[in-house]
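Working notes for the structure below.
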Amino acid sequence: MILSQAKEENFYKLIQIEDKKEIKMKLIAMGLSPGSIVTVVKNDFSGPLIIGINSSRISLGRSLANKIEVSLYEKTN
Amino acid sequence: MKKQIKVALAGNPNCGKTTIFNKITNSRHKVANYPGVTVEKKEGVLSFQDCSISIVDLPGIYDLNVLSEDEMVSRKFILEEKPDIIVNIIDSSNVERSLFLTTQLMELEVPLLLVCNKIDLAKTQGVETHFQKLSSFLEVAIVETIGNKGKGIDEILKAIVSIAVNGKVSKGVFVKFSEDIEKNIDIVKRHLEHKNLNQIRWKSIRLLEQDPLVIKEQDGQTLSLIDTLEKKLFTENVTEERQRFISRLSKEVVKRSFDDRQTVSDKIDRVVTNKYLGMPIFLIVMFLMFQMTFSLGSYPTHFLQNIFNKLTFAISSFWNTDSMLSSLLVDGILSGVGSVIIFFPNILLLFIAISILEESGYMARAAYVMDNVMHKIGLHGKSFIPMLIGFGCTVPAIMSSRILDNKRDKLTTILVLPLFPCSAKLAVFALLIPAFFSPFWGGMVLFSLYLIGLLLAIVIIKVLRKTIFKGENIPFIMEMPPFQVPSFKLIFLNAWDKLSIFVKKAATFILGVCIILWFLSKFPVDHDAKKDYEEKFSVNQKEMQSQLAPIFLNEFKLQSDKQKYLKNFELDLKNPEIKNLQKNFNEEVKKLKSEKSQKELSYSYLGKIGKFIEPAFKPLGFDFRIDLALLSSLAAKELFISQLGILFADNISLQESLKSNYSQLTGFSVLLFLLISAPCIATFAMARKEASLFFAVFQFFALTFFAYLLTFTFFQIGRIFF
């Protein structure tokens, strides 16, 4: 599924980012690399969304979130 | 001789870099930073254990691949200024991400000190890091700190000195990439080794990643070598392998108890960025900001106004004659500079408000909320941050446009920034609006000015994005710092810092210009006007005497006759007729004085300049005095007030003189023109620096043209109705 469809308070595993090289590199440097686990803090299904990666919160434009593939992540404690 | 150590502070945004910088330097930094985002480096110098340490705080970066210009400032400093030590500050609650930059910094072969900050926050979030293990893995020294509590600050300094003095250079380890990548790196490295360069591993990697800035420095021989090598997907692979290296390392040293508790900050975020609530909350915050600036500011403003009135009276009564020095002090300096100083409380409050927005973390949310609106006009939310800062001062606003990721957004934003009235323009509004409008309408007028500025900005942006600056939008990526209760000490100090720029400007530049303007308004001396005034005055005086004498004598006779017989009767020579005469005389003299100053002004250099440009602005409803004030405001917007203050120096209240000299329609026309027209010199210079000379000139004339066109239309249509 794509990140823009993700539901609030769920955890997702980032699979891949389909964008220009520069954007991809920047996202990885910000901690959003394939394999990382993110939570969705805020998604109104319109406008930008806020995602959490560890303790930081990053807002991403919807068009960018459309290009990020994720899968639901069931956490096991 | 003390040992000199040059230290650069580098780290991700929001890692607490600036807090640590302030703690280390005790806020004794040299370059005053404007409110808003750190987009320029700050330097502080201190002595510690016989060493002189100069510390530079750099804008936050995630990596050394540069997208925006604030990141460029950091990269340039690290690469070109060659610091002795890089202090890499890490947010301990987010070690994984921070290490990405760390591994890149290590490739630069500059001694590195790792500062793991916010260890208390990490603990509460269930993140446990084995710092000793991390230190031995990376082969760098680590200091643990809690920046906002000042814990570990001395340890940082000790570590810096011990690295510098002992020469114990720990540059850390390199990320080992896969064989294919390393093979290519080796080829380039061996080539560069002959050229006696430093940082060759880093340069080799960057060359293979085709970093335009590193490529630029190389000769043709090197470039042709690079051309022969396989570079496809090189960057992707390097980044991925770096990432993999870090996650392997993190697994060893970081233990994270999976915490799905939503933080308080997240809960606040759900409300303030809510689809329906976000915008109203944003508007309320904006309203409160300006309300606070005005209502709270009016008390100290009145207080200052009183002081200046008393000072004026004291100085002019000290001389009691027509002295040039007195005129310079009263008409030039007090009227000119004083009229600007009384608005300082407003400016300070506005800076405090902007500081609060920034420190609390709301600024990023405002950008988020505005993203939808900004998107419709072809920019994104990030552009709103410079605009918000622009309400304080356009100069730092232009600087902060560096956070924008592409040139097109940056230029568009800079172009419209003067339309967001800065605090100096606000001071002019604060003078003009009450002069022409009742308090109720005043608020509406002020609001409408901000709205007109905003609407105009939107139109200009839309037009630009459809014509010169066409192209697809770049994605919106922005870190949202957690909400926090701002430190009021910090905010006040910060705002005071910004105000001091205005104070310095008033004491130097504005003062100088005021003296020049005063000179231009007084010279050449119109002796005829003076003689004429004295003649007319003595005619009046004699007439008054002759009228007053019989009434006075009569009244005296009347009262003294009563006194003769009545008990407890004292003379009181007031009588309605005398009062009336007195009033007439006062008015007559006032008229003569203003006539004299009008004549003198027309005769002066300034008057001649004003009369020369008057025809051009006549269709806008302006007379030569307003033209002159507008002309002065090109140097700094506050000077608009100063100039009017000097021109109307003879009267008691500037606002009253304005009210009696101009109509409401003219008043609003002036406001409108001032809102849009040419930016001040400082803005022009900053636009030139951040964009180009052509751009700054274009902005200057385009905005003035718009201002003229709109004001002309408004005044001419308004004249039909009023």
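Collect the residues in the range B:240-263 that are at pLDDT below 85 and of a type in the set (Ser, Thr, Tyr), keeping them in residue-number order. Of everything in the range B:240-263, those that are at pLDDT below 85 and of a type in the set (Ser, Thr, Tyr) turn out to be B:Ser257, B:Thr263.
For chain A, which fully contained strands (runs of 3 or more DSSP E) count at least 3 residues that are more than 10 Å from chain B (Cβ to nearest Cβ)? Explain how you work it out, then say what you get.
Working: elements: A:11-17, A:37-42, A:49-53, A:56-60, A:68-72.
Per the criteria, A:11-17, A:68-72.
Annotation: of all residues in the range B:467-497 being surrounded by fewer than 20 Cβ atoms within 10 Å (Cβ to Cβ), part of a helix (DSSP H, G or I) and in contact (Cβ under 8 Å) with a residue 12 or more places away in the chain, the one that is nearest to the other protein chains (Cβ to nearest Cβ) is B:Leu490. Looking at B:Pro524, is it farther than 30 Å from B:Ser423 by Cα and outside any helix (DSSP H, G or I)? Taking the combined requirement at face value, the residue satisfies it. B:Ile613 meets the stated requirement of being touching a Leu at 6+ places or on another chain (Cβ under 8 Å), among the β-branched types (Val, Ile, Thr) and over 25 Å from B:Ala506 (Cβ atoms).
Each row is one residue, and each column tells you yes or no for (1) more than 14 Å from every other protein chain (Cβ to nearest Cβ); (2) free of Cβ contacts under 8 Å to residues at least 60 places away in the same chain; (3) crowded, with 24+ Cβ neighbours inside 10 Å.
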{"position": "B:Cys393", "(1), (2), (3)": "yes, no, yes"}
{"position": "B:Leu404", "(1), (2), (3)": "no, no, yes"}
{"position": "B:Arg408", "(1), (2), (3)": "yes, no, no"}
{"position": "B:Ser423", "(1), (2), (3)": "yes, no, yes"}
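Within the range B:271-317, the set of residues being within 14 Å of another protein chain (Cβ to nearest Cβ) and surrounded by fewer than 16 Cβ atoms within 10 Å (Cβ to Cβ) comprises B:Val271, B:Asn274, B:Lys275, B:Tyr276, B:Leu277, B:Met279.
State whether the residues of the range B:128-136 include one that is in contact with a Pro (Cβ under 8 Å, 6 or more places away or on another chain) and touching a residue at least 40 places away in the same chain (Cβ under 8 Å). Spell out how you get there, then give the answer.
Filtering the range B:128-136 for residues in contact with a Pro (Cβ under 8 Å, 6 or more places away or on another chain) gives none.
Checked against the condition, which is being in contact with a Pro (Cβ under 8 Å, 6 or more places away or on another chain) and touching a residue at least 40 places away in the same chain (Cβ under 8 Å), the range B:128-136 yields no hits at all.
Just for the range B:90-142: of the residues that are among the small types (Gly, Ala, Ser) and within 14 Å of chain A (Cβ to nearest Cβ), which one is surrounded by the fewest Cβ atoms within 10 Å (Cβ to Cβ)? Top of the filtered list is B:Gly126. Those helices (runs of 4 or more DSSP H) of the range B:318-414 in which at least 1 residues are under 22 Å from B:Phe488 (Cα atoms) and among the acidic types (Asp, Glu), considering only elements entirely within it, cover B:344-360.
Within the range B:668-677, is there a residue that is at pLDDT below 90 and hydroxyl-bearing (Ser, Thr, Tyr)? Spell out the reasoning first.
Taking the range B:668-677 first, the residues at pLDDT below 90 are B:677.
With hydroxyl-bearing (Ser, Thr, Tyr) added as a condition, the list becomes B:677.
Checked the range B:668-677: at least one residue is at pLDDT below 90 and hydroxyl-bearing (Ser, Thr, Tyr).
The values are calculated or read from the model by the stated rules, or taken from the named source; none is laboratory data. Model, not experiment: these values are computed from the prediction. Counting neighbours? That spans all protein chains shown, and the Cβs are built from the backbone with ideal geometry, glycine included.
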